[in-house]
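Since every read-out is calculated from the coordinates, none of them should be taken as a lab result. Bear in mind the structure is a predicted one, so any value in this text is a computation, not a measurement. Note that each Cβ is placed from the backbone with ideal geometry, even for glycine, and that neighbours are counted across all protein chains shown.
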Amino acid sequence: MPHKMEERYKSYIRSVRPYEPGKPIKELERELGLHHVIKLASNENPLGPSRKALRAMRRALREVHLYPESKCHYLVKRLSQELGIGENQLIIGNGSNEIIELLARGFVSEGDRVISSETTFLVYPILTQVMGAEYVGVPMKNFRFDLQGILNAITGRTRLIFIANPNNPTGTYVTTQEVEDFIARVPKDVIVCFDEAYVDFVEAADFPHMIFHAKTEKPNIVILRTFSKAYGLAGARVGYGLGAPSMIEYLHKIRQPFNVNSVAQAGAAAALDDRFFLWRTKHLVSSGRRYLAKRFEKLGLRHIPSQANFILVDVGRDAEEVFQALLRKGMIVRSMKAYGLSTWIRVTIGRRSQNAQFYRLLKSYLEKRS
């Protein structure tokens, strides 16, 4: 018999499977008594944060006894200058995850419908379930978002569509032409959120520049970006949303006051000024992607060409088995079983030596099992 209080728990929340992040380095070192563990599981920046960001964060610590700027005034001003859009078109979040949550809380009620892909960021279906709504995961086509399939899934109950571009965990993207055709056909009362967490790593010439849609103030388009990936501030938790002034004003009504701490705000603003660090990061990822792609081809493993800072690869056997074997050697990658990809793993692009170590360990494991 459930406790009387448990009868008040919402059934659709009780059945949620919480998001499981990549295994932390320190936890693995404690468990297995290992040293020098390499983590290539969570798409973090292997260079760490920029020195400019670190210096700004240290300075900000002197005033950590004071509440932070609630609307992140200086960071918003700096982003406005960087992106060429109005300050009233920006909202800062505790990571872009928080803005995903604000959109869900602001637009989704019990019985509503949210649409995205069957194979994408797991937070989308989790937050949909928490709101008591129906999540429709449209199957991918060639590991890419099927925008026509998403259009076909729209009903009168549809409130929100999430498109991760580039997508996590596949690293694939939808093109400018595909996005323009899609936006033209989506009902104007359906919110379309383009999650661009990995936009800084894109090299494809036909990738859509969604910032244009923010500048034209389309009322149903929201764009998400983050400082967690290319800027190396995953632990600081800073992301932002771009949209029409009316949309941003509405989301501010839902946002908690002081949602982004002052140290994180200072670090993010300073990170924007370190252009050399961003160039180093992009160069590291670009060369690392080419290196791993060639090594996978050498091993005869199918992989998905990526525009992000990770690669999805089919190891041809149980993904969890491979994940555990690498784990015991001090190499943390990500099994894709939770995404329904039972023989695939995702590996984050690391430093050159880390990529080489991953390749050696994977090659050794596969040779022993062949």
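Compute the semi-axes of the equivalent ellipsoid of the range 24-128, taking the square root of 5 times each eigenvalue of the Cα gyration tensor, and list them largest first in whole Å.
Working: eigenvalues 172, 150, 40 Å².
Semi-axis lengths for the range 24-128 are 29, 27, 14 Å.
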> When you take every Cα atom in the range 241-370, what is the radius of gyration, and what is Dmax, the widest Cα pair distance, in Å?
Replying inline: 19.5, 59
> Among Arg237, Arg159, Arg14, which one moves the most in a GNM of the chain with springs linking Cα atoms closer than 10 Å?
Replying inline: Arg14
> If r is the Cβ-Cβ distance from Ser70 to Val190 and R0 is 35 Å, what FRET efficiency results, to the nearest 0.05?
Replying inline: 0.70
>> Over 5 Å intervals from 0, what percent of Cα-Cα pairs in the range 87-168 sits in each interval?
In response: 3, 15, 26, 24, 18, 11, 4, 0
>> Suppose a student asked you for the relative contact order of the range 100-259, using Cα pairs under 8 Å spaced at least 6 residues apart; what percent would you report?
In response: 19 percent
> Along its principal axes, what span do the Cα atoms of the range 51-271 show, with the longest given first and each in whole Å?
Replying inline: 54, 39, 29
> For the chain, what is the largest minus smallest coordinate of the Cα atoms on each principal axis, given in angstrom and ordered from greatest to least?
Replying inline: 58, 55, 49
> For the range 216-277 and the range 313-367, what is the separation of their C-alpha centers, rounded to whole Å?
Replying inline: 32 Å
> Calculated FRET efficiency, Ser342 and Arg290, Cβ-Cβ r, R0 45 Å, to nearest 0.05?
Replying inline: 0.95
> Helix by helix, which DSSP H runs in the chain go 30 Å or more along their axis at the Cα atoms and have an average Kyte-Doolittle hydropathy of 1.6 or more?
Replying inline: none
